Every structure is written in C-alpha cells, then in structure tokens.
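Student: Before I ask anything, here is the structure I am working with.
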Amino acid sequence: MEARLNLPGIPMAAKSMRHIASASMSIIQESTLPAATRDLVLLRASQINGCGFCVDVHSKDLAHTGESATRVNLVAAWREGKVFTEAERAALELTEQGTRIADAAGGVTDEVWENAAEYYDQEQLAALVMLIALINANNRLGVITRMAGGDYRPGQYGY
C-alpha cells in the first residue's frame, strides 16, 4: 500500500507534525505517568482507530522496552486479559472512551473519569488526556493518508 500523501515531504505539514511530536515529547519527558501506561494507551487508541503505522510503532516500542508479548498482544482485548494492573485498566478505559467520543454519546463518563482519578494524580490525568488527544490526531493523519505499518525500528524517531 502506498501512502496517499508524503506529509513529511510537505514543509507546512512537516512543521505541523513537528509541533505535534514536540507536544508528545514534552509528556514523555516531563510527566510522571508510568512509561508502560503511556505506551499501552498509545497502542490501544491506535488499534481502535485502525492506524497500521501507529500500531506498528507502539507495539514495537512496547516490546523494545521489555513488555512481554502477552501484554502487547492482549492490549486489543485488555478486559479479558489478567496481565494489566487496575491502574492500567483505568487508563485503557479512559483511552477507549476518549477515542470513541462519537460512539459514547456524551464522551467520557463520570464513572470512567473517577476510576482513573483513583489511580492517577492531576498531572498524570492531564498527561493521559493530552496523550489521548495527540495520538488520536496522529492516528487520523496516518489513516487519512494511508501510512502503512511494518517498517518501523524502535528508536528511529529519537525517543
């Protein structure tokens, strides 16, 4: 499959993508959100949105950081897996509702928000909200332009 558009090759798009990447990097570098939680969230949103490029990136990054194949593979069915902590489950549920806003008729429920707030402080909740929003933007870029997955190498983008 060929991408419809080479966004990084178009100066205006490349500049915008650098801003999105910079926002993501600030969360990665400055947040106290556990790295595993962050990466699980990025993978789950990408799976929901059907972004092959981002699923490739985030599944490989998880494996590269030492996550087991079992955990990586069960992200798509996390409710049925017994390998996730309650805090991770809360983050994954927040990710699903935050990603499926149109399907959720009202967005994130109070119950899901309050559950996440039991495990994460205000700064970590802010990081989760920002990550969910940013990965959804990245997923849309990938899906709209048909960016294919399969060629990513961990560390290729400098993080």
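Student: Please list, ordered by first then second residue, the pairs with beta carbon atoms under 7 Å, 6 or more apart or interchain, first in the range 98-126 and closer than 24 Å to residue 49 by Cα, second surrounded by 15 or more Cβ atoms within 10 Å (Cβ to Cβ) and among the polar types (S, T, N, Q).
Tutor: Cβ pairs passing all conditions: 99/49; 99/136; 104/97; 107/97; 108/97; 109/97; 112/97; 124/31.
Student: Further question on the same structure: So, in the range 126-159, exactly how many residues are buried (at least 17 other Cβ atoms within 10 Å of the Cβ) and over 14 Å from the mean Cα position of the chain (by Cα)?
Tutor: The qualifying residues number 3.
Student: Name the residue, out of 66, 150, 155, that is modelled with pLDDT under 95 and more than 25 Å from residue 19 (Cβ to Cβ).
Tutor: Details: 66 fails: modelled with pLDDT under 95; 155 fails: more than 25 Å from residue 19 (Cβ to Cβ).
Exactly one residue qualifies, and that residue is 150.
Student: Return yes or no: is residue 70 in a helix (DSSP H, G or I) and out of contact with any Gly (no Cβ under 9 Å at 6 or more places or on another chain)?
Tutor: Numbers: in a helix (DSSP H, G or I): yes; out of contact with any Gly (no Cβ under 9 Å at 6 or more places or on another chain): no.
When the stated conditions are applied, residue 70 does not pass them.
Student: Which one is surrounded by the fewest Cβ atoms within 10 Å (Cβ to Cβ), of the residues in the range 68-97 that are among the polar types (S, T, N, Q) and within 17 Å of residue 48 (Cα to Cα)? Let's see the steps before the verdict.
Tutor: Within the range 68-97, the first condition is being among the polar types (S, T, N, Q), and the residues that meet it are 68, 70, 73, 85, 95, 97.
Filter again for within 17 Å of residue 48 (Cα to Cα), leaving 73, 95, 97.
Working: 73: 12, 95: 29, 97: 20.
Result: 73.
Student: Right, next: Select from the range 98-108 the residues that are of a type in the set (Val, Ile, Thr) and surrounded by 14 or more Cβ atoms within 10 Å (Cβ to Cβ) and list them in ascending order.
Tutor: Within the range 98-108, the subset of a type in the set (Val, Ile, Thr) is 99, 101, 108.
Matches in the range 98-108: 99, 108.
Student: Select from the range 75-128 the residues that are within 14 Å of residue 44 (Cα to Cα) and polar (S, T, N, Q) and list them in ascending order.
Tutor: 95, 97, 99
Student: Answer with yes or no whether residue 42 is assigned to a loop (DSSP other than H, G, I, E, B), surrounded by 15 or more Cβ atoms within 10 Å (Cβ to Cβ) and in contact with a helix residue (DSSP H, G or I) (Cβ under 8 Å, 6 or more places away or on another chain).
Tutor: Numbers: assigned to a loop (DSSP other than H, G, I, E, B): no; surrounded by 15 or more Cβ atoms within 10 Å (Cβ to Cβ): yes; in contact with a helix residue (DSSP H, G or I) (Cβ under 8 Å, 6 or more places away or on another chain): yes.
For residue 42, the condition - assigned to a loop (DSSP other than H, G, I, E, B), surrounded by 15 or more Cβ atoms within 10 Å (Cβ to Cβ) and in contact with a helix residue (DSSP H, G or I) (Cβ under 8 Å, 6 or more places away or on another chain) - is not met.
The values are calculated or read from the model by the stated rules, or taken from the named source; none is laboratory data. All figures in this text were calculated on a predicted structure; none of them were measured in a lab. Here the Cβ is made from the backbone with ideal geometry for all residues, glycine too, and neighbour counts use every protein chain on show.
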